[in-house]
């Protein structure tokens, strides 16, 4: 991407039509960085943005969001938190605080985040995706995040055939019976979610156990070239290049590259990461990322932020921010 095209995209992202992306762009992509006062002014417009208000208005007093099916679960609340994270909100914002309180009080069955109140909805894919958003929302120190990270440390597997957690040793943890998440090969959705959650933890807060499990996740992802079915050039996972604002339990290629940028930007010097980065670049319209699909129907359908099939300011901002982080690392010889 030329500097001129990058500047054109930043100007597009800075439009008053989308206050959340305007704020995030000013915070992360503009040089020189605006003053704190300017950022505060831009941030003040986010909660009044009508598309976000249409998502937040149905929130109940207890912090939950209405469920569109007969059996209520926390899934629409998970989706709402993901969208609030997209918009740059933080845990001190009232809608986020109420949702986090709900999860802490009613959805920590069996020691980790569950989309049911009884704990049967503990799934590594959901835990990973939601914990990643919660960390971004500034809720790292909450019980719901800390206990869920510990669950992932204790139970999440990164198996590929005979490879277990990056080595040939028998699996050392007692994994609970849980929806067939682990067969001879770990479900990619669970691996992706757990990886993103571990990577989102700021380096200064990563315990030795987190660091070990993050490295094991990266070993698994090396085998899969980050987002493919195996080390061979086989077909992509079906959904990985269908970019979305919220993916329920799913992650896409853009999210996985965000995980790489969070985990260790120097990974861009490894060929499997560079190949994935180049693949992502080729899927853009000269830097602009098209919104292809969303998975938030249990909350609101369609999600009102941006139209399907059009260039997305949210996703383009994310892509430019990833590129800024990864391309700032000098290439090794």
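Only the coordinates and a few stated rules stand behind these numbers; no lab work does. What you are looking at is a predicted structure, and each value in this text was computed from that prediction instead of being measured. Please note: Cβ atoms are built from the backbone with ideal geometry, for glycine as well, and neighbour counts cover all protein chains shown.
Structural remarks
- Converting the Cα gyration tensor eigenvalues of segment 1-114 into ellipsoid dimensions via √(5λ) gives semi-axes, longest first, of 33, 14, 14 Å.
- Hydrodynamic radius by Kirkwood, which averages 1/r over all alpha carbon pairs of segment 262-302, in angstrom: 12.7 Å
- For the chain, average projected area of the Cα convex hull in nm²: 17.1 nm²
- Computed over the chain, relative contact order equals 17 percent, with contacts defined as Cα pairs under 8 Å that lie 6+ residues apart.
- Packing-based order for 147-159, 48-60, using average beta carbon neighbours within 10 Å, highest first: 147-159, 48-60
- Sites residue 50 and residue 270, calculated FRET efficiency, Cβ-Cβ separation with R0 45 Å, nearest 0.05: 0.55
- Here segment 240-333 is treated as a sphere whose radius is the Kirkwood value from Cα pairs; by Stokes-Einstein at 10 °C and 1.306 mPa s it diffuses with a coefficient of 114 µm²/s.
- Here the contact order of segment 15-115, divided by its residue count and restricted to Cα pairs under 8 Å and six or more residues apart, works out to 24 percent.
- Theoretical ellipticity at 222 nm over the chain - DSSP helices of four or more residues, -39500 (n - 2.57) apiece, nearest 500: -14000 deg cm²/dmol
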